[in-house]
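K.L.:
I'd like to ask you about the structure that follows.
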Amino acid sequence: MLTMVVFAVAVVLWVCTPLDDTLVALAAVVVLLLFGVLPASALEVLGGPTTWLLIAAFVLARGVSDSGLPARLATSLMGRARSVRGLVHLTAFALLLTAFFVPSTSGRAALTLPVHRELRVNARVSRALGVLFPSVILLTAVATLVGAGAHLITSALLEEATGEGIGFGQWLLLGLPLAVVSAHVTAEVVLWLFTARADRRQPLVADPPTVELAAPAGTLRTAVPAKALTSAETTSLGILAAVSIAWVTEPWHHVPPEVVALAGAVAITSPRLGTTTLKAALADIPWSLLLFMAATTVLGTALVRSGAAESVAGLISPDHLLPTVIAVSLLAHLVVQSRSARSSVLIPIVIPLAVAAGMNPAALAFASTAAAGFCHTFSSSAKPVALFAHTYRPRHLLKLSLVLAPVTGALVLACSVHLWPHLGLPLK
């Protein structure tokens with residue numbers, strides 16, 4: 001009972017007050033520790049493998065970003081467009097690829113904001129691109145385990161409850177197809193809602209080193225890299241590829257993902273080989289986010305260990321469980337704005353629900369986490385949306401949300417039933 005009260009108060013404070021989310025989460029953990037609900041050993045998560053994995057991932061991201069590789073990739077892909085529709089789809093694909101470079105949706109949004117500013121075009125297409133950038137960034141985070149802190153929380157809670165989480169390779173296998181489809185479906189939805197037919201068919205004429213829009217309404221200019229990869233770009237690409245391959249092949253070599261990530265972080269910050277310094281990379285790490293993620297993981301663990309989540313789950317009928325979990329996860333951003341907090345609230349309840357219904361807890365947890373990646377209704381719903389808020393009006397987000405929410409839910413449901421069971425994540 002105490003766990004439920006503490007957790008309910010934390011959720012209310014997250015939703016209804018301007019108090020710092022991390023402060024609220026840490027205070028809730030302290031209360032549970034003081035009353036003996038959690039043992040002191042629960043604090044080990046603050047220095048556990050999940051935290052170290054994310055720290056190393058941020059260091060890697062800084063090194064890759066400083067090399068200039070993400071910007072080159074984005075402008076290279078977008079410079080190949082021959083129409084506005086082609087530009088939008090290539091942009092969506094480029095944004096998908098950034099999920100493998102930067103382990104933070106906010107970081108990806110900040111990284112790509114200057115790219116959006118360079119796309120000088122008519123008002124409708126500019127607004128469409130402003131809506132597209134954060135939308136695709138949020139929905140494609142599901143491609144990788146380190147795409148969002150919520151993914152790491154889900155895996156940690158699954159491991160706590162069932163003894164087995166979801167590794168990097170398995171997450172990639174499950175999440176990448178959904179991310180690819182979501183990116184291009186979102187591109188079409190944005191084109192349909194925010195551009196005219198003449199805009200979509202407008203041809204682009206590519207003349208290196210710029211791409212120009214062949215229309216009197218305005219011009220679109222973006223650099224097309226003409227040079228070969230620099231040594232820094234080659235180095236960062238090689239290190240990133242080595243780390244990714246090591247993550248995917250963990251079942252064969254059994255080196256933990258956090259150890260692989262730390263090795264990559266050391267390499268990319270080494271004096272002669274690296275593309276950045278360790279001091280600069282550590283300064284770039286959002287320590288408040290890491291503390292918040294660790295604290296919410298502890299709270300989720302408390303819900304599982306104390307039996308509180310199982311008690312709540314017992315109040316919910318197992319009939320139509322999968323669609324209900326997906327729908328609730330889609331709408332959760334309306335009351336809990338932090339993606340990590342949503343997973344900490346939902347996953348401890350989803351796991352016992354799945355067990356009671358005779359379903360695979362990992363399957364329902366993954367579906368819930370994938371659906372919870374939708375948070376597009378208000379500019380305050382997610383930081384990437386807020387970063388691009390100057391490019392559109394609130395009514396444009398509502399318009400997008402009304403269409404994209406059911407589409408996203410349908411995609412997650414279809415993957416859960418028809419795709420993921422064939423990739424090693426059965427529902428039963």
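The values are calculated or read from the model by the stated rules, or taken from the named source; none is laboratory data. Because the structure is a prediction, the values reported are computed rather than measured. Using ideal geometry, Cβ is built from the backbone for each residue, glycine included, and neighbour counts are taken over all protein chains shown. For accessibility, only protein heavy atoms count, side chains too; no ligands or nucleic acids. Shrake-Rupley method; radii C 1.70, N 1.55, O 1.52, S 1.80 Å.
K.L.:
Sort out which residues of region 371-397 are under 25 Å from Val345 (Cα atoms), open to solvent by 10 Å² or more (accessible area, probe 1.4 Å) and of a type outside the set (Gly, Ala, Ser), and write them in order of number.
P.N.:
Correct list: Thr377, Phe378, Lys383.
K.L.:
Identify, from the list Ala362, Ala356, Ala372, Ala367, the residue that is more than 24 Å from Thr51 (Cβ to Cβ), modelled with pLDDT of 90 or more and not hydroxyl-bearing (Ser, Thr, Tyr). Working first, answer last.
P.N.:
Details: Ala362 fails: more than 24 Å from Thr51 (Cβ to Cβ); Ala356 fails: modelled with pLDDT of 90 or more; Ala372 fails: more than 24 Å from Thr51 (Cβ to Cβ).
Residue meeting the stated conditions: Ala367.
K.L.:
Given the residues Thr3, Thr22, Thr50, which is the only one that is at pLDDT 75 or above and part of a helix (DSSP H, G or I)? Steps first, answer last, please.
P.N.:
Numbers: Thr22 fails: at pLDDT 75 or above; Thr50 fails: at pLDDT 75 or above.
The conditions single out Thr3.
K.L.:
Please work out which one of (1) open to solvent by 20 Å² or more (accessible area, probe 1.4 Å); (2) in a helix (DSSP H, G or I); (3) modelled with pLDDT under 80; (4) not hydroxyl-bearing (Ser, Thr, Tyr) is the condition Val37 fails and give its number.
P.N.:
Evaluating Val37 over (1) open to solvent by 20 Å² or more (accessible area, probe 1.4 Å); (2) in a helix (DSSP H, G or I); (3) modelled with pLDDT under 80; (4) not hydroxyl-bearing (Ser, Thr, Tyr) leaves (2) as the failure.
K.L.:
Here's something else I'd like to know. Return the residues of region 228-269 that are part of a helix (DSSP H, G or I), of a type in the set (Val, Ile, Thr) and at pLDDT 80 or above; say none if nothing qualifies.
P.N.:
Initial filter on region 228-269 (part of a helix (DSSP H, G or I)): 231-248, 250-253, 257-268.
Now drop any that are not of a type in the set (Val, Ile, Thr), which leaves 234-235, 239, 243, 245, 248, 259-260, 266, 268.
Result: Thr234, Thr235, Ile239, Val243, Ile245, Val259, Val260, Val266, Ile268.
K.L.:
Considering each residue of region 178-202, count those that are within 18 Å of the chain's Cα centre (by Cα) and open to solvent by 50 Å² or more (accessible area, probe 1.4 Å), and give that number.
P.N.:
First pass over region 178-202, keeping only residues within 18 Å of the chain's Cα centre (by Cα): 178-187.
If we keep only those that are open to solvent by 50 Å² or more (accessible area, probe 1.4 Å) too, we end up with 180-181, 184.
So the count comes out to 3.
Here's the yes/no breakdown for (1) buried (at least 18 other Cβ atoms within 10 Å of the Cβ); (2) modelled with pLDDT of 85 or more; (3) part of a helix (DSSP H, G or I); (4) in contact with a helix residue (DSSP H, G or I) (Cβ under 8 Å, 6 or more places away or on another chain):
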site	(1), (2), (3), (4)
Lys279	no, no, yes, no
Thr297	yes, no, yes, yes
Gly300	yes, no, yes, yes
Leu315	no, no, no, no
Pro318	no, no, no, yes
Ala327	no, yes, yes, yes
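K.L.:
Right, Ser381: within 24 Å of Thr324 (Cβ to Cβ), out of contact with any strand residue (DSSP E or B) (no Cβ under 6 Å at 6 or more places or on another chain), of a type outside the set (A, V, I, L, M, F, W, C) and outside any loop (DSSP other than H, G, I, E, B) or not?
P.N.:
Working: within 24 Å of Thr324 (Cβ to Cβ): yes; out of contact with any strand residue (DSSP E or B) (no Cβ under 6 Å at 6 or more places or on another chain): yes; of a type outside the set (A, V, I, L, M, F, W, C): yes; outside any loop (DSSP other than H, G, I, E, B): no.
When the stated conditions are applied, Ser381 does not pass them.
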